[in-house]
Every structure is written in structure tokens, then in C-alpha cells.
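Presented below is the structure to which this report refers.
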Amino acid sequence: MTPSTGPITSATVEAQLAGVLAISAVAGPARISAGVQRPSLTLTATNSGGADVMLSDLPPPVAATTGSAAVAIVSQPASASGLVLHSGGSRDFTWTFDASGSGTVSWRSSASATESNTGATLAPAAASTAALAIEAPAALALSLAASPLRVSAGLQRVQVALTATNTGGASLRLDPLPAPTLRATGSAAAAVAVSPPSAGGTVLAGGASQTFSWQYDVSGSGTLAFAATASGTDADSGTPVSPPAASAPAVEAQAPGALAATATASPGQVSAGLQQVSLVLTLQNSGGAAVRLDALPTPIVTAGGSAAASLSSSPPSPAGDLLAGGATRIFTWVWNASGSGTLAFSCSASGTDANAGVAIAGVTAASQPVTVQAPGALSVSASVSPASASAGQNPVSLTLIVRNTGGADVRLDALPAPAIAAAGSAGATLAGAPASAADTVLGGGSSANFTWRYDVSGSGTVSFTASASGVEANSQRALNPAPVTSSPISVQRPGQLSIAASASPAQVSAGLQQVALSVVLQNTGEADVILDTVPQPAVTSAGNASANVGGSPPSATGTVLPGGASKSMIWTWNMGGAGTVSFTASATGHDGNSGAAIAPAPAPAGPVTVQTSGALSLSIAATPTQVSAGLQQVSVTLSATNTGGASVVLDALAPPTVASGGSAAATLLTSPASPAGSTLSGGSTRSFVWTWSISGAGTLAFTAGASGKDANSGNAIAPVPVTSSTVVVQQPAALSLSASATPAKVSAGLQRVSLALSLTNPGGAAVRLDALPPPTVTTTGTVAATLFSAPASPAGTLLSGGATTIFTWQYDVSGSGSLSLSGSANGTDANSGIARAAGPMAAPAVTVQRPAGLTLSSSLSPSTLSAGLQQLSLLLQATNPGEAGAVLAALPAPTIVTTGSASASVVSNPPSAAGTILAGGATRSFTWTYSVAGSGTLSFTASASGSDENSGTPLTPPAAPAGSATVQKPATLTIASVIASPSLAHLGDAIDVSVAARNDGEASAADVALSGISASATATQAGSPTSAQTIPGGGSAVFHIPFVAQSEGSFTLTTGATGRDVNAGTSLTASNVTSAPINITAIEVAITSPDNRATLQAGASLQVVASAWNTAGATITQLSLSATGPATVAAPASISGSRQTVGGTFSVSANANAAAGSIITLVASATDAARAIVSSTPVTMTVRRPSRTRRCPPPGRRLRRRLPPSRAASCAASRPETR
């Protein structure tokens, strides 16, 4: 069963609008002098909804700055965390900041909260403030200029200009200017002639300048140094600004100029036609002021003798040039001189005082006379003696005659050694030289002799070439006459005597024959030989032989033997006994040139043999006894011996007979000359040799005989023929050779070269090998080969027929080029001993290469670039400094190190290098291209590796750093401000428009110039804007445009700017900005009465008359008077008007308690219809001490005594103005 219930009512629920958080921000003040004032930021948080909101902690405001402006938090509000804002409630939060730099600053502030009902987070958009201008504090820089810096006293005024420049950013309000101070030296003095208008109250905008000028009258002589100062207050903060005083360069007051002159002519002595005469005029200003020179007249020439001068060159005209006080100037004329005699010169000069323009009296100066001479000249001649000489025996002499054929002196140089020209083998050696001729002076027409002595040698002719040089004493011109050559001297080898003697016949039968002794005397030299004595030859006997003179030649004493000639003399002798007889011949003489004695060695002849009758004995031999067919010949030698004493006259020989065995055969090649009719002396043996070529294989035997007759008696001699021993005949041995070198290409220091020689005996007989000669090593380039191992020596080893053996050498190699190896082998035929040689045989050349190497270098381009505008190239260059190829491996990706926010992304990679062979000496480049972003630096390192192509040795060079590239934010261009100053200009005043351009990027902005300039018609542009500038990243530049005020009204200027990013070259443009307007007016305001001499007693009053007028036609709407100091202006202090000229009289009263000596300053101001306000020059009055009352006389009354000036002025000021 379901229970039943009554109605139920819930608790009351309050419905609210959702809580809403709204924020706003405001900052101030609008303009701040950095470092002097502090800006503040107030954030207001409001709940514009219904439900409560609870605030979260506030984040610090975010500052946005331009230029160099910067801010730092000094104080901040208490934490907002947990604060509850009820519906419609609000709360302020304030931060204060220190400001620095120059530019603008604005803030973005945010806040968040939690909605109390829903717990939702409330985060309204951040609130931004208006931008505040942060300016550098006003600063005052002063410069003072005085001109002209040099004046003639009493004739010129000095202008002193003080330029005040506000080098800060905030405006500067100037105080009144004090007059410059003066410091004088000497008798110089200056008095103010003209002063500038008062500067009090003038406002100088940041960067603006204004110049104030005084003029002074000058007197006396000396220097004038001016100094001036100025002061003011910072328009933003009111801080006083007082820079140091500025000084101007000292002004010099001078005395008038005056001229003095001297003239010199040089050189004092010249050679006509060779030298020029220089006339030097020295002109001096002996005064103080500069002299403006006139043109110089041509100098006057006075000549003596036949001397003459023609003008060659003149100095540039000094007309109009300034010669400073005390200064000297030199003018030079150059003259060509001719003839002979003297020349004198005179010249003059004049000018005007450069300061006063007064003519200066001319001056004249005369030079000393110059002597003119004919030029000096040199000639040379040479002689030698004697005409001929015997080498090593006769000395010869050379004499050089030097003459001065001119007029002026000649100073000789040191003489060079004469040159020797020899023919044949002749030669000459210096034995003595003359004293040095250096600095010897030859007068005109004089001469000097210089002699050298020489020893001679060899054979032929000798001649000498000598020369002399000097300097012409006047002109110092070098004199170099042509060298002279002497006549040749005949040099002969000394006479030499040789003796030759011969006796015939050499063999005789005693008592049957005579012996003739022939003596030949020969001159083997070149000089004549004169014979002195030729005695009878001496005789020497052996055994029982004897010799007696049978006949003698005529005497040879006094006979002359020319060089190479000979003389024969014959003696006959009768012979006896048995044995030998010898002769000795001798002679003496002397040299035909030098007379030197000649005594040659005696000459022997013989011995002559005296014999008995002869007999024959025979023997035969065949050699060698074993031969290799075709390689060896067999010699058959028949020996015939005369066993008697007398000679045997031999008959013709019959050829030997040959007996062969097997296939051996012999062919006669050569036979001995026939001995038919020749004699065989007693006891002597004569051999006769037949040569046979051999072929086949087997044995050979030879049989031969000989016959003759006794040389003296003619009896026949016929011994029995003889047979040789048997000769064995064999096939000859032979050698062949082949060579190989491996490998064909090597890397020096990494591989060895092997040479294999294969030696074969293709013959039958054995070969007895010799020691193997070292292989011949031939290299090109820088290759060097060092033997590492060699085979054992085969010396004495027999290589049998058909056998082969191999010999191997190994070499270490270095350098670069080619290596050629060749080998050879030698031996002897084992039978005949005949040498057998194979080779040399060259193996194919081996290429030797320096091992492959790998060097890396890398670079980046460009080094600085703008992100997003340019790409970065990384270039890796791999170079193989060796010669062997380098096999490259695949390239790893370069490593990148970044700073800041800079980043790089690869755009393109180089082709793969894997397997590529880099030839020796070659370089290969690999390029990566990257796009860049952010800001900072990118540093790259690239690497590569490989192996030696020949040896496979790995190549792992160090990685190559490419350096770093700077990535910058692109340049931007903004017009930060356009300011026209001053804020109020009169017609004709200069107006300066300063334009500040700012680059908020990092890359520099180049060629930045103003563009699109337009200005109001109330002023005319007076010059060109500042030329184009480069603005660094984050920097700014100021441009100035000069204008002149032309008509009344407001003036504004609008301009933009253009430039380019210095990295990428892309164009930059700044939007146009317009300056705040300034006013141009023609209003003039003046207080006409009283003037600065007026005084006023405390509690008293006086009438002030002021006027305002506008020459350009605009109406004056108001004229006012203000007073500062202990005084008040009675009402009305202002007068309204609507005319171009408005005047008025105002009453000014000194305070009753005003102290005596106090200053009251009065200023009148006028406003025109354009609301331009102009102030007058201030008038100051002094509060005087109280005095008894003196009445002023009625107007127009004649007085017996004149009133004092101060009272007269006071009375005049107190009378109402009559209009």
C-alpha cells in the first residue's frame, strides 16, 4: 500500500547574474626624463556582473619598448590573491618603475579570477596602456667660435658665436645669457659693439641648437681669448642644467706685414751645356700680418766674357698667395749656361698687406757671380811591351794614358783591372799594378800614365783592354770614354831541345858490316833555340864487341832551330868482336827570347848486336785444348828458335794440316804474315799463329813446319815438321734473362717492391756464374729505393745447359715518381772461359706514389644573414695531398652548434661520396644548403674519411670546423618621431625638423634616407635633409631638415623613410609620420618705458608703457604685463584689442616690505588672432632705499637745474602716456 504525503516546499534559491571581471590600465606621466622621473602603472579590476569574483595573484605587467627605452619595477602592489570583488566593486593596483634609455614604453596587464557560484575561471583580455615617451634628460652642450682668428687691429671686428645644443631628449628652457669673458695678451683689447637678443625663456627641443652672437672692436697687438657660458632647466623635471663654460680659439691681432729678400745663384762654377744655374730668391715677411704677394718679374742677368744664360724654368707665380708673418718662401729660376765667363742675377718682389690691403714696398736682391767653363772630357790610349815573350820567363807591361781634353777639372775614379783577352792556351797573371787613380784630378789638357806588369804562361797571344772613368768637377757628370785594347803580345812556350838517336843496322856480323848512328836535334817549344855544342856520341860495349868512328858530321854550333824545327847529324862506326855496342848522344843551347840555357837529357841508341851464324828449332801448340764450337777459335802457334848466333833468313810458311775426329771441323780464319826474307836473330824465337773457326763436335790435331837460310852465309836450314796435341770440340754455353717487378703501383712507405730475375742456360756447355751485380735502380721525381733483401751470391755456381734459376730482391720505397729496376747476369763458358752476359733486362716500371692523404677545410657563406631572407651554404673541401688515390667513404651529416634561438634546416645535401676516388693532389667540394630561422649563431663542423687506394690504409682526418655564421632578425624601419622646433618662430627664423628613424630588427638597415617629404606652405625648405645613414640593429638615427619661416600660421611636416636590409639587400619602408604643429608669427612686443635704469621705492608705483604690433597684418587680440619679484601689476593687467598695433599703460607697485636692492622684472606678452603668444625683452628695475619725497615738476616747466638721470626717468615713467 503506497503512503500518501502533503505538499513539500524547497529552500529559497537566489538567482544572480554571473560575475564578470573587467580590467583597464593607465600609465603616466606622458613624458619622462630618464633617470630623473619614475612612471607608474595603475591596473583597475572591476566586477561588472552580479555574483562575487575572487581575484588570483596578479602577474607582472609586460613592457613594450621602442628605441633604447627600458623600465624596471621599483614597487608593486600587495598580492591580489583571494581578494573578493562584489557586484559593481573595483580595486586599483599600482606599480612604479625606473626608466632609462630613450624611446617609448607601454604596458600590457592582465588579471584573472574565480566566479564564486560556478567556480569558473574568468580571464579577460589583457589591458594595454597608451605609450609614454621616455626621453634622455635635457643636457646642454656649449661651443664657442670666434672669427676671424687673425685680424689687423683697428680694421676688423671679431664675431663671437655661442652655440647652445640640447644633447638630451627632453626640452631645455634657457636662462638669460651673461656676456662672454675676455682674456687678452700683449696690448690687444676688445670692446663689445653688438650683442644678441636675450635668450631668457627660450626653449630648446631635444637635439636642437641655437646660436647667439656678439661683435667686438679690436685694438692693440697680441691675442684675445673668449669664454662664454649658459644655463637652463629640464622642461620635464625642472632640474637645473649648468654645463662648463665654452672657450673659443684665441684670436690673433697682428701688426702689418713687411718684405725682405735675398738672392743666391748656385753652383758657383758650372760647365757650359752640362749644368744649369739655379737662382733662389728667399722672400721673408718680417711683419705680423700676412702679405698677399704680387706676380714676380723675370730676374735681370748681367754677363761677363762670352758667357750667356737662357731661362729654362721659372717658379709658379705667387700672385695672390699669402706669406704669413715671420714666414719665408723660396722661388727658384733655372738657367741654361753657355760660353765662358761670368753671370750675375738680380730679382725683385712686392705685395699687399693681407688684412688691410695696403701695398708693401718692393724689395730687390742681387746674387753673387757664377763662373762658366767649357766641360771637362776624358780620352784613353794603351801600349804594351815586349811584342813577344817566352811563357814563364819574360814579364810584359801595359801602360794606360789618360788625358783631359776639356777645360773643367776631371776627378778620376779608381781604375778597374784591365781585361785580358787570350788566344790559344796563353794566359797572363798580374805581377804589379799602378797606384790607385781614385780622386786624382786632371786639369784641362793634362794627362796621367798608369802601368801594370804581368807574368805570362801558355801559348798564343794576349791582349789587354783597359778603361778609365771620372767625374766632371763642375757638373759631377760621369765621364766614361770607350775602353781601349792593346796590340797583341805573342806568348810562346819556351824553347825546348829534344835528342833522338838511332843505330842501324841493329844486328851485324862482326868485320863485315858498318853501323850508322843518326842523331836528330828537335826544338819542341815555340821560341827559337840557338845550339851551343853537339859533341861526338859516347860508346858503351858489352862482351868483346867494339866500335870505331868511320865518319863525323859538320859542327852545329850557332845553328838556330825555330819552334818545331829539327836538325839531323850522322856518324858511321866499324864493328868488331861479338856482343853489343850502345851509343849516347848529347847537345846544349839557349832560348832565343830569354837567353835561358837549355841542356836536354842525353839520348841513347842501340844496343847493336854483333853475332855468329844461326840454326832453327821448331815447336807447335794448339789452344785451347777444349773449345765451345762457334764461340771460340783455336790458335795454332808454330815457334821457330834460332839456336845459333847469326840471324836466319826465313822462307815462306806452308799452312798447317788438320786431322779431325767426329763431326769436328776447322776453317782457317787468319794466317801469320809471311816471314819470307825476314831474319831470326841468334838465340831468339819467333812464333807464327794461325786462327781457326771451330764447328761440330769431336777432336782436331794440327801439323806445321818452317825453313830458312843463314842471314850471313846463305846456308839452307830445314827442320822436321811438328804435330800439336789433340783439341776437344764442344757445343757452347749461353745465358738468357727475364725480369718482373711487383706490384705495378705502390704507396711509398706502405708497400715493398719485389724484383724477380729468371736466369736460363739454353746452351749445352755449363756456365760458371759470376756474382750478380746489384740491379740498376732508375727513378723519376723524388722516388728513392732502399734494398730490403737480396738473394745469396751465385758466384762460381755452374748453371748446366737447359737449367733455370730465379733470384729475388725486395726494396723499400719512398718519394713520388716511377721506379725502374733492371738486372743482368754474367758468367764464363766453362770450357773456353769466354764471358757470357745476359741483360741488362728491365722490368716494367713501378709507379711509386706518396700515400694518399685527406685534409679537410670548410667554410660558411654568408657569415652574417637575415633569418627568412637568405640561405646558408656550408662548403666542405676534401683535398688529397698525396698521390695515391683516396677512396672516399659516405659523408656523415655536419654537426651544428647553436646559440640563442638560431636554427638551421637542411635544404639540399651534396651527392653521396661513397666509393668516389679522389686522385692525388685533387680537391673535391661538397655543399650543403640550409634555411635559417631565429636569432643567434650557427657553428658547423664537417667531416669525411676514406682509405688509400693502393694499400687500403684507412684515412681519418680531423673534422673541419667551418666557423660560425650570425643569424639576425631582419632589419625594420619605423619613424619614431618628427619634431619641428622652435615651438614659436618669427618670420625669417630658422626652423629645424628632426626626424628619428628606428630599426627594431638585428640586421643593420643601410642607405636609410627620408622619403615622401611634404611640409606646410608657411615655411620654405632651406637645405637638403641629412644624407643617408646606416642604422644598426636596435638602433636609431636622427635626420634634420632646415626650413625658414615665410608666413604666419601653423607649420607641420610629414615624411617617411626607405632603406635596405644590409644582409639580404631587401628594401625597407617606414610609414609617413606628421610632426606636431608649431606657430609662425610676426608679432613684436616691447616695453617702451621705463628702461633698465629705473628704480622704485618700496610701496611706490609707476606707469609702464608697452606696445605690440604685427607687420604681417594679423590682429593683436590681447596685450598683458607681468611682474616677478617684490611687485604687483594693478588690474587690469591685460588689454584686449583687434588691431595690428595695440599699446597700453599699466601700473606697477613695489611691495611695501620690498628690500632695497631687490630686482623687479617686467615682461609684456601679446596674443594674435592665431593664438600665438610672444613675449618682450624683460625690463628690470631696482628697489631703492626710502628717501624724502621729491615732487616731479609739472610737464613743460623750464627748470634752472637739470634733474639727475634716475629721477628724470622715474618722473617720466610716472606721467600718463599721451596718445
Original post:
Just to be sure, is residue 949 touching a residue at least 12 places away in the same chain (Cβ under 8 Å), among the charged types (D, E, K, R) and closer than 30 Å to residue 881 by Cα?
Top reply: yes
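Here's the yes/no breakdown for (1) in contact (Cβ under 8 Å) with a residue 40 or more places away in the chain; (2) farther than 17 Å from residue 707 by Cα; (3) of a type in the set (A, V, I, L, M); (4) not in a loop (DSSP other than H, G, I, E, B):
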| site | (1), (2), (3), (4) |
| --- | --- |
| 617 | yes, no, no, yes |
| 620 | yes, no, yes, yes |
| 631 | yes, yes, yes, no |
| 634 | yes, yes, yes, yes |
| 639 | yes, no, no, yes |
| 644 | yes, no, no, no |
| 649 | yes, no, yes, yes |
| 654 | yes, no, yes, no |
| 658 | yes, yes, yes, yes |
Original post:
If you go through segment 409-419 one residue at a time, do you hit one that is surrounded by 14 or more Cβ atoms within 10 Å (Cβ to Cβ), touching a residue at least 24 places away in the same chain (Cβ under 8 Å) and closer than 30 Å to residue 592 by Cα?
Top reply: yes
Subject >> Unmet criterion (only one of (1) more than 30 Å from residue 215 (Cβ to Cβ); (2) within 60 Å of the chain's Cα centre (by Cα); (3) outside any strand (DSSP E or B)) for residue 138 >> reply: (1)
Original post:
Which of the residues spanning segment 526-575 are part of a loop (DSSP other than H, G, I, E, B) and in contact (Cβ under 8 Å) with a residue 60 or more places away in the chain?
Top reply: 526, 527, 528, 537, 545, 563
Original post:
Going by the conditions given, is residue 926 part of a strand (DSSP E or B), in contact (Cβ under 8 Å) with a residue 60 or more places away in the chain and under 37 Å from the mean Cα position of the chain (by Cα)?
Top reply: no
**OP:** Determine if segment 1049-1062 includes at least one residue that is assigned to a strand (DSSP E or B), modelled with pLDDT under 95 and either surrounded by fewer than 20 Cβ atoms within 10 Å (Cβ to Cβ) or in the same structural domain as residue 165 (by TED's automatic domain parsing) (or both).
**Re:** yes
**OP:** Could you please give the count of residues in segment 1090-1130 that are of a type outside the set (S, T, N, Q), in contact with a strand residue (DSSP E or B) (Cβ under 9 Å, 6 or more places away or on another chain) and in a loop (DSSP other than H, G, I, E, B)?
**Re:** 12
**OP:** List the number of the failed condition for residue 929; all other conditions in (1) modelled with pLDDT of 95 or more; (2) buried (at least 16 other Cβ atoms within 10 Å of the Cβ) hold.
**Re:** (2)
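Looking at residue 462, is it in the same structural domain as residue 481 (by TED's automatic domain parsing) and under 10 Å from residue 491 (Cα atoms)? Let's see the steps before the verdict.
Working: in the same structural domain as residue 481 (by TED's automatic domain parsing): yes; under 10 Å from residue 491 (Cα atoms): yes.
Answer is yes for this residue.
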Original post:
Which residue, of 405, 451, is at pLDDT 90 or above and not hydrophobic (A, V, I, L, M, F, W, C)?
Top reply: 451
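Here is a yes/no grid of residues against (1) out of contact with any Pro (no Cβ under 8 Å at 6 or more places or on another chain); (2) outside the structural domain of residue 691 (by TED's automatic domain parsing); (3) modelled with pLDDT of 90 or more:
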site: 607; (1), (2), (3): yes, yes, yes
site: 622; (1), (2), (3): yes, no, yes
site: 625; (1), (2), (3): yes, no, no
site: 628; (1), (2), (3): no, no, no
site: 631; (1), (2), (3): no, no, no
site: 643; (1), (2), (3): yes, yes, no
site: 652; (1), (2), (3): no, no, yes
site: 657; (1), (2), (3): yes, no, yes
**OP:** Among residues belonging to segment 474-510 that are in a loop (DSSP other than H, G, I, E, B) and touching a Gly at 6+ places or on another chain (Cβ under 6 Å), point out the one that is surrounded by the fewest Cβ atoms within 10 Å (Cβ to Cβ).
**Re:** 496
Original post:
Of all the residues that make up segment 376-409, how many are in contact with a strand residue (DSSP E or B) (Cβ under 6 Å, 6 or more places away or on another chain), over 19 Å from residue 420 (Cα atoms) and among the small types (Gly, Ala, Ser)?
Top reply: 4
Original post:
Mind checking which pairs have a first residue in segment 244-258 that is among the polar types (S, T, N, Q) and a second that is assigned to a loop (DSSP other than H, G, I, E, B), Cβ under 9 Å, 6 or more apart or different chains?
Top reply: 254/153; 254/221; 254/287; 254/288; 254/289; 254/290; 254/325; 254/355
**OP:** Could you check residue 947 against (1) assigned to a strand (DSSP E or B); (2) within 37 Å of the chain's Cα centre (by Cα); (3) within 30 Å of residue 745 (Cβ to Cβ) and say which number it fails?
**Re:** (2)
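So for segment 289-303 (the condition being assigned to a strand (DSSP E or B), closer than 18 Å to residue 343 by Cβ, touching a residue at least 60 places away in the same chain (Cβ under 8 Å) and not aromatic (Phe, Trp, Tyr)), does at least one residue qualify? Break it down stepwise before answering.
From segment 289-303, those assigned to a strand (DSSP E or B) are 291-293, 300-303; that's our starting set.
After this cut, where a residue has to be closer than 18 Å to residue 343 by Cβ as well, the list is 300-303.
Those still in the list that are touching a residue at least 60 places away in the same chain (Cβ under 8 Å) too: none.
Looking for residues that are assigned to a strand (DSSP E or B), closer than 18 Å to residue 343 by Cβ, touching a residue at least 60 places away in the same chain (Cβ under 8 Å) and not aromatic (Phe, Trp, Tyr), one finds none in segment 289-303, hence no.
Taking strands (runs of 3 or more DSSP E) that do not extend beyond segment 682-797, which have at least 3 residues that are of a type in the set (Val, Ile, Thr)?
685-695, 727-730, 776-779
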Original post:
Which one of these does residue 155 not meet: (1) in a strand (DSSP E or B); (2) hydrophobic (A, V, I, L, M, F, W, C); (3) within 14 Å of residue 220 (Cβ to Cβ)?
Top reply: (1)
**OP:** Could you run through segment 782-794 and say how many residues are surrounded by fewer than 15 Cβ atoms within 10 Å (Cβ to Cβ), out of contact with any Leu (no Cβ under 8 Å at 6 or more places or on another chain) and touching a residue at least 12 places away in the same chain (Cβ under 8 Å)?
**Re:** 5
Original post:
For residue 600, are the conditions met, namely being out of contact with any Gly (no Cβ under 8 Å at 6 or more places or on another chain) and not in a loop (DSSP other than H, G, I, E, B)?
Top reply: no
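Across segment 91-116, what is the number of residues that are more than 20 Å from residue 78 (Cα to Cα) and buried (at least 16 other Cβ atoms within 10 Å of the Cβ)?
9
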**OP:** Could you please tell me which pairs satisfy a Cβ distance under 6 Å, a separation of 6+ or placement on different chains, a first residue in segment 1072-1092 that is under 25 Å from residue 204 (Cβ atoms), and a second residue that is of a type in the set (A, V, I, L, M) and in a loop (DSSP other than H, G, I, E, B)?
**Re:** 1079/1172; 1081/1172; 1082/987; 1082/1112
**OP:** Considering each of 322, 281 in turn, give the residue that is under 30 Å from residue 155 (Cβ atoms), buried (at least 22 other Cβ atoms within 10 Å of the Cβ) and not aromatic (Phe, Trp, Tyr).
**Re:** 281
Original post:
Can you name the residue in segment 704-724 that is hydroxyl-bearing (Ser, Thr, Tyr) and closer than 10 Å to residue 619 by Cα and, of all such residues, is farthest from the chain's Cα centre (by Cα)?
Top reply: 723
**OP:** Report, by residue number, each residue of segment 830-843 that is modelled with pLDDT of 85 or more and outside any loop (DSSP other than H, G, I, E, B).
**Re:** 835, 836, 837, 838, 840, 841, 842
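The values are calculated or read from the model by the stated rules, or taken from the named source; none is laboratory data. In this text, all values refer to a predicted model and were calculated from it rather than measured experimentally. Note that each Cβ is placed from the backbone with ideal geometry, even for glycine, and that neighbours are counted across all protein chains shown.
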